[in-house]
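The values are calculated or read from the model by the stated rules, or taken from the named source; none is laboratory data. Computed from a predicted structure; not experimentally measured. Here the Cβ positions follow ideal geometry from the backbone for every residue, glycine too, while neighbour counts run over all protein chains shown. For accessibility, only protein heavy atoms count, side chains too; no ligands or nucleic acids. Shrake-Rupley method; radii C 1.70, N 1.55, O 1.52, S 1.80 Å.
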Amino acid sequence: VAEPEIGTLGTAGVTLADVGGLDDVKKRLHLSFLSPLHNPELRLRFGKSLRGGLLLWGPPGCGKTLIARALAGELGARFYEIGLSDVLDMWIGSSERNLRSIFDTARRNRPCLLFFDEMDALGQKRSHLRGGGSAMRGVVNQMLAELDGAATDNEGVFVLAASNHPWDIDSALLRPGRFDRTVLVPPPDRAAREAILRFHLRGKPAENLNLARVAKATNGLSGADLALICEQGTESAMDESMISGRLQPITQRHLEDATRT
Ligand code: ATP
């Protein structure tokens, strides 16, 4: 494969403050990555290693990718997003090579954060590779070698992965030193929904919004659903502005209409 593109663009300016709610997840990221990095003396004193990856899991659209991007922002690291289905290749040996080239590129561009989406593609159940289970073993072994091989120096390469169904992931990948910490990224609760709505409407012309009310009425929706409500509310207000010839701010009605569609 061609060298993966470095996704610095997406990272620019995104920090954990841009992630609405999810306080437990943020706390975990502080404990595992940010505090040890920012307190090198304490880290040495406690012998805390920076090895090992973190697996974010949970339903789609609830912020896993956003969190990974935001962590890269906090770390001042480049961000590579890799869909594992892009890595896997039918040809025996190619998937391993693809994976090696991704890690090599990452090591040349540290500090960086590698984010593997669809991690469950690395599991026997999903094996569609020619050669079946044994071909999958080869890819899993390559991933293990890249993560914890004695010859690899991963200083400054942070690894996160995400999955909607982590139980399908090959269990060797979840052992200590690998993706050994799993963090649930749940659907947003009411406070988180309000924070997400506020984030997606920031800086836009708006009038008398009661976001707490919208948050209350959107139980069960994901962050991506809420982003869409804000987008639809924005489009309606823009449309009315164009028709009336003067700026019509986003109102409660726009958002409530959008929640019903
Ligand atoms: P998938 O499993 O489908 O890859 P995901 O969990 O990675 O989904 P994201 O891509 O991070 O989901 O979220 C989709 C979009 O929803 C984000 O780009 C963002 O606009 C919005 N979003 C989700 N969660 C949050 C949140 N907690 N705060 C702010 N925006 C959010």
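So here's what we get for this one:
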| item | result |
| --- | --- |
| Accessible surface of Glu231 - all protein chains present, 1.4 Å probe, nearest 10 Å² | 90 |
| Cα centroid separation - region 149-186 against region 189-261, whole Å | 36 |
| Estimated inter-spin distance, Ser49 and Glu235, nm [label 7 Å along Cα→Cβ] | 5.0 |
| Top positive-direction residue, dipole computed over the chain with Cβ charges, set Gly58, Asn154, Trp91 | Asn154 |
| Length released on extending from Arg246 to Asn210, taking residue separation times 0.36 nm less the Cα-Cα span | 10.7 nm |
| Choice from Lys204, Lys64, Lys216 showing the highest fluctuation, given a GNM over the chain with Cα pairs closer than 10 Å | Lys204 |
| Whole-percent pair-distance distribution, where bins are 5 Å wide, for the alpha carbons of the chain | 1, 6, 12, 15, 15, 14, 11, 9, 7, 5, 3, 1, 0, 0 |
| Portion, in percent, of the accessible area of the chain that falls on carbon or sulfur, probe 1.4 Å | 53 |
| Difference of contour (0.36 nm per residue) and Cα-Cα distance, Asp148 to Leu34 | 39.0 nm |
| Surface accessible to a 1.4 Å probe, per residue, for the residues of the chain, Å² | 51 |
| Relative contact order, percent, the chain [alpha-carbon distance under 8 Å, six or more residues apart] | 23 |
| Region 171-234 shape via C-alpha gyration tensor axes, a/c threshold 1.5 | prolate |
| Cα convex hull of region 149-261 - mean projected area over all directions, nm² | 10.7 |
